[in-house]
Protein chains: 2
Amino acid sequence: MLTRPDVAVVGAGPVGLAIAWRCAARGLRVVVHDPAPGSGASRVAAGMLAPVAEAYFGERELTGLLTESAARWPGFAAELAGVAELAGAAELAGAAGAGFGYRTDGTLVVGLTGDDLAEARRLWSYQQGLGLPITALRPSQLRDREPALTPRLRGGAVAPGDHQVDPRRLVTALRVAAERAGVTLVPGAVTRLADLVAPVVVVAAGCGAAALTGLPVRPVKGQVLRLRAPGHRPPDFRHVIRGYADGESVYLVPRDNGEVVVGATVEERADTEVTAGAVLRLLRAAVDLVPELAEYELVEAVAGLRPGTPDNAPILGPLPDRPDVLAATGHHRHGIVLTPVTADLITELIVTGRPDPLLTPFTADRFAAPAGPRSGSTAGGVGRDRETANEGETCD
Amino acid sequence: MLTRPDVAVVGAGPVGLAIAWRCAARGLRVVVHDPAPGSGASRVAAGMLAPVAEAYFGERELTGLLTESAARWPGFAAELAGVAELAGAAELAGAAGAGFGYRTDGTLVVGLTGDDLAEARRLWSYQQGLGLPITALRPSQLRDREPALTPRLRGGAVAPGDHQVDPRRLVTALRVAAERAGVTLVPGAVTRLADLVAPVVVVAAGCGAAALTGLPVRPVKGQVLRLRAPGHRPPDFRHVIRGYADGESVYLVPRDNGEVVVGATVEERADTEVTAGAVLRLLRAAVDLVPELAEYELVEAVAGLRPGTPDNAPILGPLPDRPDVLAATGHHRHGIVLTPVTADLITELIVTGRPDPLLTPFTADRFAAPAGPRSGSTAGGVGRDRETANEGETCD
């Protein structure tokens, strides 16, 4: 790029790449900086597009954003698949979005024991109360849909609108789309924002955002397994399965290529070691729910760091003291599902200068501590400041 | 090597390398053929030198050979450590044999539940009946020796003479010793014995021996995990622990470098896939016995193929129809402990032409089927022909 860019994006994960693609499509000159695109949280993510099953008590605003973004996913996926096909990326072609594993088979929520079912039901009753589409099913109905489920199941529910995508292939597709739209990728690390010359900077660096911006983004470790069906056949089930098994929460995400992602731990740690205990708990819960998985090959065990915030909702918009620097980070467990809405809202803000009302609960200034004693929340904040951020902690 | 060798060895695992070393030390010109030294069963092996805990019902001759070889291990290790140090192999130096992880801390046999203890006790009573050194201990005595053991243990025993070595480092040390003694390593695969020009050929190719010789050697799959203590400190226990946990048999081998080997499955399969079910069973039993292992890093999960025979005892000596071809294979679970005695006996046979009486139960002709209906055993056979060999099956 010979001329100064209009927008510099730090981070070539799904969020950074999608923002770059959208901005370039609006005629802006965009450069994306990342020493290793797609090597952050997305490399480990399962890719569930699950606004319903991810709707937790006390996270009403976040649930709204999840639902909004999930609703944008079909259009986002179709557009991305079209661009990628046009670009002649053979490996991305195939039936509607299959190139990045976009699938709409829906999600089953299941409980193994009576206690597990009570836990699951408590949550889906809350979700139903929010008007979200989730319907209780008897064990026989669950096994009619997925005969691979253990006969020991006590019950569950179906969330037909909770879908999935393959995050690693999504990053590949977004790179193709971004580069085709004219985005320049620079394979280097950014250690200081002052080194960037663009009039607008977007920090989409996951938990690396903490060191760059001082925002309270902390690493939240997640361990994930990848299994593969024998003989590389497709897995024995098509729905995403979110289960509670003897008190352990686990999800099983089947892919067309035979892979099943089993995840994930949620640990307040900053290392990326795979531990025996985590692998044991994930495998035990997985095999308890779908016994056939015992015969699957264990092809990968890996840990990654999600960017968490004090209220575990993302930070979207300008830094309090730097209106030219926009944060798009803190997506925690929801980076993949939130990619379309994040890209749309940040792009719109850059192009028009006007923030969409959807951004209001997620501004960076909700964490700004006023002088004097720390208050519970600030104007525009969501008032769910449940834990103190380790502000000095970063991914590394 | 410009002149024709006296001995050609096929296979640079511990057995092949030790035979080559011993033969070269007796003045013979030796060449060893292997495309990938140390890449067979030894790469996966735990390296327990356990004649007592490996003494099973109906394997009296094998137990005799195990005991004989274990008795030779201290001398073998001292000699090997001396050679390796002389050779200036810095990574092999250190306190007596530490260079290949030779340790004499002994083995604890433990049972988690009452049923597990009954199973373990049945076996060690048999071992005691053979005069082998194994002594029952109460749970408190076990935990006095290894406080890392779970308080749930119902009981166990100690076999002070069952030691360990690190097979991967053993291969390195044996290569140094063999090369220093003048052995030539040729990095190529041997597919036909006719391609070898030496007057004596030793087939120490693990389960690759089947294709080369027609001997009934079949692959027996074993899956093994390697864990590492947090912060690379030594593991929380020093004994080898062989446990029975809710019906699952497992061993835990601690190494000075912080590693703990957890093994092993015994599967009549010829693939080397790591399966979710095997990892689950190994981890569950390991963590049941030593809860602290849950915090350990899972650094490797790997599968290998042991060379099994119809009676699971090794095949040592000339092929029935080829007196110039000596088999040294079929060591199944016992290749590491049997390395010294195998090397001594095969070398002595090559140098003197006279077979040691110790070889008698392990000759290749015990599997030769006479014309007509198959008989139970043949002259010199051990009469424990428990299963049919898959003669066509090889490692690959």
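We did not get these values from a lab; they are worked out from the coordinates using the rules stated. In this text the structure is predicted, and so the values were computed from the model without any measurement. Counting neighbours? That spans all protein chains shown, and the Cβs are built from the backbone with ideal geometry, glycine included.
Of note:
- Backbone geometry of region A:246-260 corresponds, through the Karplus equation with coefficients 6.51, -1.76 and 1.60 at θ = phi - 60°, to 3J(HN,Hα) couplings of 6, x, 9, 9, 8, 10, 10, 10, x, 10, 4, 7, x, 7, 10 Hz, x marking Gly and Pro.
- The angle between the Cα long axis of helix B:114-129 and the main principal axis of chain B comes to about 50°, on a 0 to 90 degree scale.
- Contour excess over end-to-end distance, with Cα ends at A:Ala194 and A:Phe57 and 0.36 nm allotted per residue: 45.3 nm
- Summing charges over all other residues whose Cβ lies under 11 Å from the Cβ of A:Ala45, with Lys and Arg as +1 and Asp and Glu as -1, gives +3.
- Note on A:Thr104 and B:Glu68: their simple-model spin labels are 7.3 nm apart, each label 7 Å out from Cα toward Cβ.
- Gain in span if fully extended, A:Glu295 to A:Asp321, counting 0.36 nm per residue against the direct Cα distance: 3.9 nm
- Only helices enter the 222 nm calculation for chain A: every DSSP H run of n ≥ 4 contributes -39,500 (n - 2.57), and dividing by all residues gives -9000 deg cm²/dmol, rounded to 500.
- The residues neighbouring A:Leu185, those whose beta-carbon lies less than 15 Å from its own, together hold a net charge of +1 under the Lys/Arg +1, Asp/Glu -1 convention.
- Across the alpha-carbon set of region A:96-250, the Rg to Rh ratio works out to 1.08, Rh being the Kirkwood radius.
- Charged-residue dipole, Cβ positions (Lys, Arg, Asp, Glu), chain B about Cα centre, Debye nearest 20: 360
- Estimated FRET transfer efficiency when R0 is 22 angstrom, pair A:Arg238-B:Asp271 (beta carbons, to 0.05): 0.25
- B:Arg145-B:Asn257 FRET efficiency (beta carbon distance; Förster radius 25 Å; 0.05 resolution): 0.70
- Per-residue mean of foreign Cβ neighbours for B:297-308 is 2 (Cβ atoms of other chains, 10 Å radius).
- Where only alpha carbons of region A:237-346 are counted, the Rg and the Dmax (Å): 17.3, 55
- Helix A:60-86 axis, angle to chain A major axis (alpha carbon atoms, nearest 10°): 80
- Under-5 Å amide H pairs with A:Gly101, H placed in peptide plane, nonlocal only: A:Asp166
- Comparing A:Asp144, A:Asp166, A:Asp236 in a Gaussian network model of chain A (Cα springs below 10 Å), the most mobile by mean-square fluctuation is A:Asp144.
- Spin-label pair B:Val186-A:Thr360: with each label point 7 Å from Cα along the Cα-Cβ axis, the two points sit 8.2 nm from one another.
- Relative contact order computed over chain B (Cα-Cα under 8 Å; 6+ residues apart), in percent: 23
- Nearest-first distances (nm) between copies at A:His232, label 7 Å from Cα via Cβ: 3.8
- Pseudo-label separations to other copies for A:Ala194 - Cα-to-Cβ vector, 7 Å, nm: 7.8
- Across the identical copies, how the A:Gly27 labels are spaced - nm, sorted shortest first, 7 Å along Cα→Cβ: 9.4
- Rounded, prolate or oblate (a/c below 1.5 giving rounded, otherwise prolate when a/b exceeds b/c) for region A:305-346 by Cα gyration tensor: oblate
- When both bridge partners sit in chain B, DSSP labels roughly 70% of those beta bridges antiparallel.
- FRET efficiency for the B:Thr352 to B:Thr3 pair, using the beta carbon distance and R₀ = 22 Å, is estimated at 0.45.
- Less than 5 angstrom separates the built amide H of A:Ala148 from none of the residues sequence-distant by 5 or more or on a different chain.
- Unit charges on C-beta of K, R, D, E only; dipole of region A:131-234, Debye: 520
- Taking Cα centre as origin and charging only the Cβ of basic (Lys, Arg, +1) and acidic (Asp, Glu, -1) residues, the dipole magnitude of region A:233-318 rounds to 220 debye.
- For chain A, built as a Gaussian network whose Cα springs stay under 10 Å, the top-fluctuating residue of A:Arg192, A:Arg180, A:Arg143: A:Arg192
- In degrees, nearest ten, helix B:14-25 long axis to first principal axis of chain B (Cα): 50
- Derived scalar couplings between HN and Hα for region B:148-153 equal 6, 5, 4, x, 6, 3 Hz in order, rounded to whole Hz, by the Karplus curve 6.51 cos²θ - 1.76 cosθ + 1.60 (θ = phi - 60°), x for Gly and Pro.
- Within-12-Å neighbourhood charge of B:Ala245 [Cβ basis; K, R +1; D, E -1]: -1
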